[in-house]
Amino acid sequence: MPATVFWFRNDLRLADNPGLLAASQDAERGGGLILLYILDPQELGDDWPLGGAAQWWLAQALDDLARRVRSFGGQLHIAKGPAEDVLTDLAQRHSVVRLHCNRSYVPATCARDASVKRALAANGVEVITHQGNVLVEPGSLRSRSGGPFKVFTPFWKTLVAELESCGQAALTPLPEPGRLRFAKQVGAFRGQCDIRQLGLVDERARWSEKLGNHWQVGEEGAQDRLDSFLQAGIAGYADLRNRPDLAHVSRFSPYLRWGHITPRQIWNRLDQAPSSAAESPRDRAVFLSELGWREFSYELLHQFPELPRANWRPAFDAYPWQENTSALRAWQEARTGYPLVDAGMRQLWQEGWMHNRLRMVTASFLIKHLQIDWRAGQAWFWDTLVDADLASNAASWQWVAGSGADAAPYFRIFNPITQAKKFDPEGRFIRRNLPALRELGTPEIFEPWSLKTPPKGYPPPLVEHGAARQRALAGYEAVRQASEG
Ligand SMILES: Cc1cc2nc3c(=O)[nH]c(=O)nc-3n(C[C@H](O)[C@H](O)[C@H](O)COP(=O)(O)OP(=O)(O)OC[C@H]3O[C@@H](n4cnc5c(N)ncnc54)[C@H](O)[C@@H]3O)c2cc1C
């Protein structure tokens with residue numbers, strides 16, 4: 001009897017997985033189910049091989065998923081190589097009639113998927129795709145004028161209205177399949193290997209070992225995070241989400257990136273959970289709109305596939321970026337001499353994740369104080385974030401640079417000292433992340449260079465804030481002229 005394949009991609013979960021549920025129902029009627037993950041080096045295109053932190057996450061995530069599949073009495077098959085070769089070989093060796101997967105929205109992956117679909121059709125396999133990872137399909141919403149959205153707020157309002165018009169079903173997660181009927185005797189096929197043979201654990205990336213102290217990878221980890229966020233994070237979120245010294249953000253980003261949880265599951269749980277007395281009415285609305293920024297990033301990538309490579313606003317091509325390898329290294333290695341910037345960069349190195357406020361402050365420092373091209377920062381984040389996501393990373397870097405759609409105005413240059421005083425008022429976050437400053441009190445910790453005896457082991461500022469600000473503004477003059485000319 002011909003089998004059905006479910007191809008896991010950025011949806012490493014069993015619950016609320018439309019492609020998996022449909023495949024499991026097909027398999028009940030046919031020759032059973034083959035569950036497959038393929039590590040395809042071309043998945044995101046030539047320029048975006050998985051970064052080190054993402055590889056670490058994926059290795060743990062596949063272990064976790066394989067364990068969960070075993071608990072259903074089956075096996076998660078793993079392969080490495082071009083997906084088209086793996087899947088056509090599997091289809092030719094085994095009798096496969098249908099393949100289900102959830103859609104990806106990265107342009108290079110869409111192109112690859114189209115060619116997989118053609119190759120499988122030629123082998124008599126029907127490919128059925130599902131919407132599994134977003135609230136709405138990128139490109140599906142239209143502004144009042146009928147064009148695509150370029151501005152967040154009207155995009156978000158339209159998205160919410162769209163979901164409301166679809167009724168309860170749109171926000172009701174699908175159940176985990178009750179059982180999985182697996183295909184019998186799946187023999188060898190091209191690229192087949194085990195998780196260890198994927199080569200995901202990079203020997204050079206010793207730092208990745210410590211990521212395990214910060215994350216419980218997988219679907220259960222995501223649900224635990226959701227529980228604790230609803231208990232302790234959401235109350236106060238609207239005002240306190242900017243405070244890296246407190247624990248009011250959700251840390252859902254890697255779980256969403258790898259599809260251990262869906263935005264629909266999060267939204268639904270939020271709708272079901274009673275609100276506590278400590279919650280303000282804004283908390284939930286602001287939090288949900290953050291999920292909206294993820295959707296908006298996919299919308300922008302859909303409209304402009306060059307988003308990770310090219311300025312959304314071409315006038316920014318005129319910006320006089322500086323080639324400065326030693327400054328870039330100092331930024332990467334948390335040696336800028338500005339405590340909040342360095343504490344953020346160290347959090348990234350320790351945890352593979354950084355608080356949103358610090359992503360904005362550190363990115364602004366690189367782009368504006370050091371005048372280093374946003375693409376260099378994007379590449380570093382790509383390598384070191386466990387939630388590295390092509391759409392959100394590119395859209396956010398361009399937002400900070402001012403070169404993106406609906407971006408921060410270019411003349412908004414964060415002052416790293418006042419940002420620290422405002423968002424880490426007692427210096428607790430800085431102390432936690434920078435051992436060299438641990439003994440300093442407040443307010444000295446914000447400007448350690450002004451002490452009579454500056455702390456040992458911590459560098460003086462790489463650039464002086466006022467002068468750097470003037471240079472950045474002068475640089476933007478070239479952009480202004482280009483946009484007028
Ligand atoms: C320079 C820069 C680079 C970034 N790179 C990434 C990236 O590679 N991957 C990534 O997921 N996010 C990225 N972000 C967005 C944001 O910083 C993270 O999503 C957020 O900090 C994750 O923490 P959280 O889950 O606790 O967020 P919460 O505040 O709890 O928000 C909940 C969820 O909403 C989404 N979200 C929140 N803010 C944004 C945003 N500005 N853009 C898109 N989605 C958002 C995320 O999925 C997040 O998990 C970047 C932001 C900046 C400024």
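Laboratory data are not the source of any read-out in this text; all were calculated from the coordinates shown. Model, not experiment: these values are computed from the prediction. Every residue, glycine among them, receives a Cβ derived from its backbone with ideal geometry; neighbour counts consider all protein chains shown.
General remarks:
- Relative exposure of LYS157, LYS421, judged by other C-beta atoms within 10 Å (fewest first): LYS157, LYS421
- Think of each Lys and Arg Cβ as +1 and each Asp and Glu Cβ as -1; about the Cα centre, that makes the dipole of the chain roughly 340 debye.
- Kirkwood hydrodynamic radius over Cα pairs of the chain, then Stokes diffusion coefficient at 37 °C and 0.692 mPa s, in µm²/s: 136
- Rh by Kirkwood over Cα pairs, then Stokes-Einstein D for segment 173-245 at 1.306 mPa s and 10 °C, µm²/s: 91
- Equivalent-ellipsoid semi-axes for segment 110-174 (Cα gyration tensor, √(5λ), whole Å, largest first): 30, 17, 9.
- For LEU14, distant residues with modelled amide H under 5 Å away: none
- Separation of the alpha carbons by more than 27 angstrom is noted, of LYS117/LYS150; LYS150/LYS421; LYS368/LYS421; LYS210/LYS368; LYS80/LYS117, for LYS117/LYS150; LYS150/LYS421; LYS210/LYS368.
- Per residue of the chain, the DSSP helices (runs of n ≥ 4 H) give a summed -39500 (n - 2.57) that works out to -13500 deg cm²/dmol at 222 nm.
- Segment 1-132: relative contact order as a whole-number percent, Cα under 8 Å and 6+ apart: 36
- Kirkwood hydrodynamic radius of segment 314-484, Cα pairs, Å: 16.3
- Measuring nothing but how far apart in sequence close Cα pairs (under 8 Å, 6+ apart) lie, relative to its length, the chain scores a relative contact order of 17 percent.
- Exposure proxy shown here: for LYS368, LYS422, LYS150, the number of other Cβ atoms within 10 Å sets the order, fewest to most, as LYS422, LYS150, LYS368.
- Overall form of segment 300-366 per C-alpha gyration tensor (a/c, 1.5; a/b vs b/c): oblate
- Cα-Cα separations in segment 215-279 greater than 20 Å, expressed as whole percent: 26
- From least to most packed, judged by other beta carbons within 10 angstrom and beginning with the fewest, GLU176, GLU426 follow the order GLU426, GLU176.
- Annotation: Cα Rg of segment 1-132 relative to the compact-globule expectation 2.2 N^0.38 Å equals 1.00.
- Convex hull of alpha carbon positions in segment 68-118: directionally averaged projected area 4.7 nm².
- Each of the peptides 291-299, 107-115, 215-223 was scored by the mean count of other Cβ atoms within 10 Å over its residues; in descending order, highest first, they stand as 291-299, 215-223, 107-115.
- For segment 199-340, the direction-averaged projected area of the alpha-carbon convex hull comes to 12.5 nm².
- Neighbour net charge for PHE72 - beta-carbon separation under 11 angstrom, K R +1, D E -1: +4
- Three-way shape call for segment 297-337 based on the alpha-carbon gyration tensor, with the a/c threshold at 1.5: oblate
- Amide H partners (placed H, <5 Å) of CYS193, local residues excluded: ILE78, ALA79, LYS80
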